[in-house]
Amino acid sequence: MEFTVKKKEHLYEKKTLIVGVFKEDTSYNETILEMDRQMDGSLMDMIKDKDIRSDSKKVSTIHTLGKLPIKRIYFVGLGYKDQYSVDIAREAFGRVCQKVQGDGHQEVSVVLDTFIQSEIDEVKIAQLLGEAATLSTYRIVHYKKSETGEEVSNLKKVQVDTNGEHKAISANIKVGSLYGTGANKARTLVNMPGNILTPTKMAEEAISIAQQYGLQYDILEKDQMESLGMGALLAVNKGSEEPPKMIILKYQGKKNWEDVIALVGKGITFDTGGYSLKSKDSIVEMKTDMGGAASVLGAMEIIAQIKPEQNVLAVIPSTDNMISGGAMKPDDVITSMSGKTIEVLNTDAEGRLALADGITYAKQNGAKYIIDVATLTGGVVVALGNETTGTMTNDQELLQSVEKASENCGEPIWQLPIPPKHKERVCKSKVADLNNSPGRDGHAIFAAAFLQEFVEKTPWVHLDIAGTAMKKQADDLGPSGATGVMSRTLANFIENFSE
Ligand code: BES
Ligand code: MN
Ligand code: ZN
């Protein structure tokens with residue numbers, strides 16, 4: 001999608017225009033008033049008669065019937081000015097861009113200052129537009145032989161008409177669109193089926209991001225994992241025909257490799273459950289079990305382009321979780337990279353095994369802070385549903401920074417506790433240091449308590465996106481399927497982090 005910024009005087013050369021309209025506004029925007037004059041007062045009439053709706057996110061399309069050089073105007077309601085927020089603005093842009101694209105228009109102009117309010121200026125709103133336009137018009141990559149049914153047309157050009165500061169506005173639209181594109185990359189990876197997005201393919205995707213945006217990378221192969229002692233990740237891979245990959249990306253924004261923030265993403269490309277086999281219903285959609293890895297890759301793509309002054313280490317342990325004569329079994333005892341031994345009580349609690357070695361690798365490679373992201377437990381879906389990502393931490397201050405980023409991006413997170421009793425039960429085993437599945441009572445918490453044994457004292461935030469990585473229904477910011485959740489939050493956290 002291409003974005004351009006033009007002076008407002010060029011407004012009238014447009015075919016399709018987007019205008020925001022607040023509810024019961026006492027001081028209508030000069031552009032709206034000017035258009036109203038040219039239309040002999042009919043715009044104001046339409047607003048009064050509710051032919052043009054001002055309720056939050058309602059879209060009304062009018063044809064100007066030759067009264068203006070503009071052919072049609074998409075009005076999008078913004079609700080009451082004093083209830084307006086960044087989230088409403090983002091979703092309103094998303095909704096109207098989807099409508100414009102759905103109606104088959106490939107170019108549109110936005111009257112930017114019809115979307116501002118005392119606390120949200122044009123520079124800020126520009127970023128939200130860039131982000132929302134990119135996210136909302138995302139389409140799923142599919143494998144159909146031919147397009148069936150109606151033709152698809154994409155919104156390709158978004159022009160912004162404004163008398164504001166063009167340089168700052170252009171820069172911010174760009175930042176917004178980078179955020180959107182990074183999240184869309186994550187969506188595409190998650191939507192890919194497990195036979196296509198194998199660990200090998202995911203490694204190739206990571207290398208291509210690294211090469212395109214100038215990141216350092218390293219892909220650890222099975223023999224390297226063996227010599228590094230990554231017995232937990234290797235145990236998950238034992239039943240698979242596909243070789244495992246430990247995918248490493250490095251972004252260095254500081255002179256020296258210090259104060260490293262590690263982003264560790266669960267990269268299970270398909271989760272059958274292993275011998276603790278999933279049911280025929282719950283196994284469907286387990287291609288999404290690399291959602292954490294996708295969030296991290298999407299975030300790295302954003303970070304590599306906005307170039308914050310930070311050092312970031314992305315670590316993605318990747319394999320599928322399969323069954324065969326050689327597969328890991330319940331009762332097996334495995335030795336993780338940390339040296340800690342684990343009794344496997346449930347082969348379907350594989351994510352924490354893969355992450356354990358990812359976390360240890362991160363620590364051994366300079367991580368001062370660790371954020372992990374994973375589609376880790378069905379328990380978090382029961383606890384928090386599909387809108388809110390579960391989070392647990394050993395460092396409230398670090399969590400606050402992640403919370404701030406999640407608010408900025410409209411990706412809500414909610415903290416669950418890690419009570420000492422949960423830790424005790426994770427550390428209980430007759431034969432090993434830990435067990436991987438102490439029970440189903442609050443098992444989102446057991447998963448976090450298990451990871452904490454590998455994180456130890458390093459400041460850490462855990463994000464369980466099992467409920468939020470996918471959505472069943474399309475919404476204002478994209479189609480049903482993968483959401484790309486946490487790519488933007490992670491990137492925003494990195495962009496704003498200070499010790
Ligand atoms: N990948 C699943 C978690 C999951 C569930 C992701 C639903 C997305 C949607 C994970 O590996 C898993 O199987 N977790 C088990 C943990 C249990 C064995 C303690 C679960 O949630 O049942
Ligand atoms: Mn599992
Ligand atoms: Zn899993």
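Points to keep in mind about this one:
- Over the chain: helical MRE at 222 nm, DSSP H runs n ≥ 4 each giving -39500 (n - 2.57), nearest 500: -11500 deg cm²/dmol
- Here the peptides 339-345, 227-233, 163-169 are ranked by packing, the mean other Cβ count within 10 Å, and the order with the highest first is 227-233, 339-345, 163-169.
- FRET efficiency, 1/(1 + (r/R0)^6) with R0 30 Å, evaluated for Glu309 and Asp121 via beta carbons: 0.75
- Once backbone amide H atoms are built at 1.01 Å from N, Ile18 has Tyr74, Ser109, Val110, Val111 as its partners under 5 Å, excluding neighbours fewer than 5 places away on the same chain.
- For the peptides 456-463, 472-479, the ranking by packing is 456-463, 472-479, with the highest mean count of neighbouring Cβ atoms within 10 Å listed first.
- Equivalent ellipsoid semi-axes, region 12-82, via Cα gyration tensor eigenvalues times 5, rooted, Å: 19, 13, 11
- Considering only alpha-carbon pairs that sit under 8 angstrom and 6 or more positions apart, the relative contact order computed for region 222-377 is 39 percent.
- Over the chain, Cα pairs under 8 Å with separation of 6+ residues give a relative contact order of 15 percent.
- Computed on region 414-499, with alpha-carbon pairs under 8 angstrom and 6+ residues apart, the relative contact order is 17 percent.
- Where Rh is the Kirkwood radius over Cα pairs, Rg/Rh for region 413-457: 0.96
- Only one residue of Ala405, Ile445, Gly229 has its Cα farthest out toward the positive end of the dipole of the chain, where Lys and Arg carry +1 and Asp and Glu -1 on Cβ, and that residue is Gly229.
- Counted charge near Glu122, where neighbours are those whose Cβ lies closer than 13 Å (Asp, Glu -1; Lys, Arg +1): -2
- Rounded to 5, percent antiparallel among DSSP beta bridges of region 16-79: 40 percent
- Cα gyration tensor shape for region 370-499, rounded if a/c is under 1.5, else prolate or oblate: oblate
- Three semi-axes describe the equivalent ellipsoid of region 121-236; taken as square roots of 5 times the Cα gyration tensor eigenvalues and ordered largest first, they are 37, 22, 10 Å.
- Straight-line cross-link reach from Lys472 at under 18 Å between alpha-carbon atoms covers these lysines, not counting any fewer than eight positions away in the same chain: Lys287.
- Taking a sphere under 9 Å around the Cβ of Val108 and counting the other residues whose Cβ falls inside, with K and R at +1 and D and E at -1, yields a net charge of +2.
- Estimated D of region 189-496 in µm² per second, where Rh is the Kirkwood radius over Cα pairs and Stokes-Einstein applies at 4 °C, 1.567 mPa s: 69 µm²/s
- A simple rule links phi to the HN-Hα coupling: the Karplus curve 6.51 cos²θ - 1.76 cosθ + 1.60 with θ = phi - 60°, which for region 411-424 gives 10, x, 10, 9, 7, 10, x, 10, x, x, 4, 5, 4, 4 Hz, with x for Gly and Pro.
- Antiparallel %, DSSP beta bridges [both residues in region 189-496], to 5: 50 percent
- Span-like helix ranges in the chain, DSSP H, alpha carbon extent 15 angstrom or more, Kyte mean at least -0.5: 86-102, 122-136, 166-191, 199-213, 291-306, 351-364, 443-455
- Beyond 18 Å in Cα-Cα separation lie the following of the pairs Lys50/Lys124; Lys7/Lys307; Lys14/Lys67: Lys50/Lys124; Lys7/Lys307.
Rule-based calculations on the coordinates, nothing more; no lab input. Quick caveat: nothing in here was measured; it's all calculated off a predicted structure. All Cβ positions, even for glycine, are placed from backbone atoms using ideal geometry, and neighbour counts span all protein chains on display.
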